[in-house]
Amino acid sequence: MIDVVTMQTGKLGPSGWWYAVSGMLGIVSIMIFVVTFCAIFLKIKHGIRRFAVPGVHVLPLPAKGAYTIYHEYRSVIDGAAVSRDEGAIDDVKVSVRDATSGTTVEVAGVSRNTRYDFGETRKGVGVFEFEVEHGGNYVFEAGYPEGRENPLLVLAVGPAIGAQILIPTVLLTLAMSACALCSAVILGGTLYKRYKAKHIQAQSSP
């Protein structure tokens, strides 16, 4: 069909607009990448809740699953800037319990290196991890041995970052691969058909 149209109209195969369509698919895939990762970044940032040490705090956990407690060694809390060494929590004790039932949640040291960096005022490194069976309010009690009050530290709790990144990354990869494949098929098909039409036109010329 394309060859017949080409011979009758003098056009060299499919319209050059298909090149624009191919390019737009490439742009769309880049936009999907940027928007998705910005959304992931904001979700992680706003999902991390901070609390001061020493102290007892009731914090909501949104759902069942694994959580990480971070030492936010660069932080601002209650208007006060806090700057500490990453490893300045060796003697800090943290306990977690369900605010409703009083059930104690097992807290362990982190099994992998996890950290975040939201700029100069918010940097954290994972120090503890735990898992809850359901969402709800939980009591976080953190302090020093012998009731010591200083120094002031900031801890933060949020869903495990790896779990928040894995599924969106897989979906993002599939979406970008689909866009790239469609773009390549359109570009390759357009180039081939235009070449074929040009070749046929050259052969038919007197």
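Just so you know, all these numbers are worked out from the coordinates, no wet-lab data involved. These figures come from a predicted structure and were not determined experimentally. Counting neighbours? That spans all protein chains shown, and the Cβs are built from the backbone with ideal geometry, glycine included.
For region 122-138, just list the computed ³J(HN,Hα) in residue order, Karplus coefficients 6.51, -1.76 and 1.60, θ = phi - 60°, integers in Hz, with x standing in for Gly and Pro.
9, 10, x, 9, x, 10, 9, 9, 7, 9, 10, 8, 7, x, x, 8, 10
With viscosity set to 1.002 mPa s and temperature to 20 °C, compute the Stokes-Einstein D of region 56-139, Rh being the Kirkwood radius across alpha carbon pairs; µm²/s, no decimals.
Details: Rh = 14.0 Å.
Using the Kirkwood radius from Cα pairs, D works out to 154 µm²/s.
Apply the Karplus curve 6.51 cos²θ - 1.76 cosθ + 1.60, θ = phi - 60°, to the phi angles in region 101-106 and return the couplings in whole Hz, x for Gly and Pro.
Per residue, the Karplus-derived 3J(HN,Hα) values read 8, x, 5, 7, 9, 5 Hz.
Around residue 56, what is the net charge, scoring Lys/Arg as +1 and Asp/Glu as -1 over all other residues with Cβ under 13 Å from its Cβ? Intermediate values should be presented prior to the final figure.
Numbers: positive: 93, 97; negative: 141.
Its environment carries a net charge of +1.
So what's the net charge close to residue 144: Lys and Arg +1, Asp and Glu -1, counting the other residues with Cβ under 15 Å from its Cβ? Numbers along the way, then the final one.
Working: positive: 84, 93, 148; negative: 90, 91, 141, 146, 149.
Taking every Cβ under 15 Å from that of residue 144, the sum is -2.
Cβ under 12 Å from residue 131's Cβ, residue 131 left aside: what net charge do those residues give with Lys, Arg +1 and Asp, Glu -1? Write down the numbers at each step before the final one.
Numbers: positive: 64; negative: 106, 129, 133.
With Lys, Arg at +1 and Asp, Glu at -1, the net is -2.
Given labels modelled 7 Å from the Cα in the Cβ direction, how far is it in nm from residue 184 to residue 57?
4.8
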